[in-house]
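K.L.:
Dropping a structure here in structure tokens format, bear with me for questions.
Computed from the coordinates by the stated procedures, all read-outs in this text should not be read as laboratory data. Given the structure is predicted, the values throughout are model-derived calculations rather than measurements. Cβ atoms come from the backbone with ideal geometry, glycine included; neighbour counts cover every protein chain shown.
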Amino acid sequence: MDYRRMPIEIESPEQLGYERIRCNLAESSVSDMALRDLDVALDDLVLMYGDHVGHPGLRALVASDGAGLTPDDVLLTPGAAAALFIVATTLLRPGDHVVVARPNYATNLETPRAIGASVSHLDLRFEDGWAVDPSRLRALLTPHTKLVSLTSPHNPTGQVLPEATLREVVAIVEAHDEARLLLDETYREMTYGAPLPLAAALSERAIGVSSLSKTYGLPGIRLGWLTTRDRTLMERFLAAKEQILITNSVVDEAIGFEALRRRGELLPGIRARIAEALTLTRGWVAADPRFEWAEPRGGVVGFPRFRPDVAVDVDRFYELLFERHGTIVGPGHWFDQPRRHFRLGYGWPTLERLEEGLANLSAAAGAAGA
């Protein structure tokens, strides 16, 4: 593996220092939850090795969301990042062909490269509303494609695959004997309409990945999962997990079980708060003629850009935004895109800080104008 640090990690808020940031518009989750919000009693928890596959009750809750899925189709991992790593390193060898949508969450782009896979990018376009075109995807596959990697709702654009498109993608993958579909479903419960079916429920050739980090604001417990109905493949994924870390933290799993058990009472408030933040952000985009975006359909991030006819010193814009206004966003190079684009996270800050941060974006853009 040819490891290298990714800009999104090097320049992340936690590396920069939260104390230096007043308006954090770079996060890709809702605001972080405190342990007291879940009222979890841990005093009697025995700190033993846990089930290697993961907490049975938690796996059952995950499986209950997908038609035909069982707890045996779920493997718990330390966050979605570990699940993505397990999938990539299990399925790919140097030279193997993989198709990855771009822009994308950086790990989905970087891990296949680090393995030495032959990567073809399905480049999504602003002009198409960042939509996945199945015909363009089909043209990228070869008889030796091992993996097709997509994300929905999409990070960083917030776009959502229509169910008909997802089913067409599944059919395309199933027509290639060696190919499998990896769908990063981390933001699925934050879809603004009806959520997509779980990918693993649609095909044995599909693998889903998700976590509690984004929707529930629980990145600190490092708890995610992957789902597949392919029993042979699941055994290989379990072998990878056991060789990397043996088992998850039983503390993390106990907290995660309580959060997912209570999702019926937690999600309405989370979704209402997201709707308020989106309304505020939509109004800012409409009011500032220098920026444009394809409005998100799910998640808590969008991917605005400076309009093509706007003259701006982009490097100066980011410098002023942070140094003068204490505000950060996720610049486009985090996602292999031009820096005129940036990921704007509207779900993490308070509404007051979000409004202030949006005003700071306009102020920095004005000061950096040519």
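K.L.:
Taking a ≥ b ≥ c as the square roots of the Cα gyration tensor eigenvalues, with a/c under 1.5 meaning rounded and otherwise prolate when a/b beats b/c, else oblate, which class fits the stretch 328-370?
P.N.:
Cα axes put the stretch 328-370 in the oblate bin.
K.L.:
For a quick check of your reading of the filter: which chymotrypsin sites (Phe, Trp or Tyr not before Pro) in the stretch 1-64 sit in a DSSP loop and have no more than 13 other Cβ atoms within 10 Å?
P.N.:
The qualifying sites are 3, 49.
K.L.:
Okay, next question. Tell me the mean residue ellipticity at 222 nm calculated for the chain from its helices only (DSSP H runs of n ≥ 4, each -39500 (n - 2.57), averaged over every residue, nearest 500).
P.N.:
Rounded to the nearest 500, it is -11500 deg cm²/dmol.
K.L.:
Determine the percent antiparallel among the DSSP beta bridges restricted to the stretch 131-244, to the nearest 5.
P.N.:
30
K.L.:
Could you give the angle, 0 to 90 degrees to the nearest 10, between helix 314-323's Cα long axis and the longest principal axis of the Cα atoms of the chain?
P.N.:
That works out to roughly 90 degrees.
K.L.:
If you don't mind, there's one more thing I want to ask. Sort 294-307, 101-114 by the packing proxy (mean of other Cβ within 10 Å over each peptide's residues), most packed first.
P.N.:
294-307, 101-114
K.L.:
Got a sec? Charge dipole of the chain, +1 on Cβ for Lys and Arg, -1 for Asp and Glu; which of 347, 152, 121 is way out at the positive end?
P.N.:
Farthest towards the positive pole: 121.
K.L.:
Return a whole-number percent for the relative contact order of the stretch 41-263, with Cα pairs under 8 Å and 6 or more residues apart as the contact set.
P.N.:
For the stretch 41-263, the relative contact order is 28 percent.
K.L.:
Is the stretch 188-304 best put as rounded, prolate or oblate by its Cα gyration tensor, with a ≥ b ≥ c the root eigenvalues, rounded for a/c under 1.5, and otherwise prolate when a/b is larger than b/c, oblate when not?
P.N.:
prolate
K.L.:
Restricting to bridges with both residues inside the stretch 41-263, how much of the DSSP beta-bridge set is antiparallel, in percent to the nearest 5?
P.N.:
The answer is about 30 percent antiparallel.
K.L.:
A follow-up question, please. First measure r as the distance between the Cβ atoms of residue 45 and residue 121, then evaluate 1/(1 + (r/R0)^6) with R0 = 45 Å and state the FRET efficiency to the nearest 0.05.
P.N.:
For R0 = 45 Å, the calculated efficiency reads 0.50.
K.L.:
Angle between the Cα long axis of helix 106-115 and the longest principal axis of the chain, 0 to 90 degrees, nearest 10?
P.N.:
Once rounded, the angle reads 60 degrees.
K.L.:
To the nearest 20 Debye, how big is the dipole of the chain about its Cα centre, given +1 on the beta carbon of each Lys and Arg and -1 on that of each Asp and Glu?
P.N.:
For this selection, approximately 580 debye.
K.L.:
Per residue, how big is the convex hull around the C-alpha atoms of the chain? Give it to me in cubic angstrom, could you?
P.N.:
So the per-residue Cα hull volume is 134 Å³.
K.L.:
Something else now. Assign one of three labels to the stretch 91-138, namely rounded, prolate or oblate, based on the Cα gyration tensor with a ≥ b ≥ c the square roots of its eigenvalues; rounded applies when a/c is under 1.5, prolate when it is not and a/b is larger than b/c, and oblate otherwise.
P.N.:
Cα axes put the stretch 91-138 in the oblate bin.
K.L.:
Related question: For every other residue with a beta carbon closer than 14 angstrom to the beta carbon of residue 280, add +1 if it is Lys or Arg and -1 if Asp or Glu, then tell me the sum.
P.N.:
-3
K.L.:
Right, here's the next one. Could you work out how far apart the two model spin labels at residue 231 and residue 309 are, taking each label as a point 7 Å from the Cα in the direction of the beta carbon, and quote it in nm?
P.N.:
If labels sit at residue 231 and residue 309, their model points lie 6.3 nm apart.
K.L.:
Against the longest alpha carbon principal axis of the chain, how many degrees, from 0 to 90 and to the nearest 10, is the axis of helix 231-244 turned?
P.N.:
Roughly 70 degrees between the two axes.
K.L.:
Net charge near residue 91: determine it from the other residues with C-beta under 9 Å of the C-beta of residue 91, scoring Lys and Arg +1 and Asp and Glu -1.
P.N.:
+3
K.L.:
Oh, and also: Within 10 Å, Cβ to Cβ, of residue 117, how many net charges do the neighbouring residues add up to if Lys/Arg are +1 and Asp/Glu are -1?
P.N.:
+2
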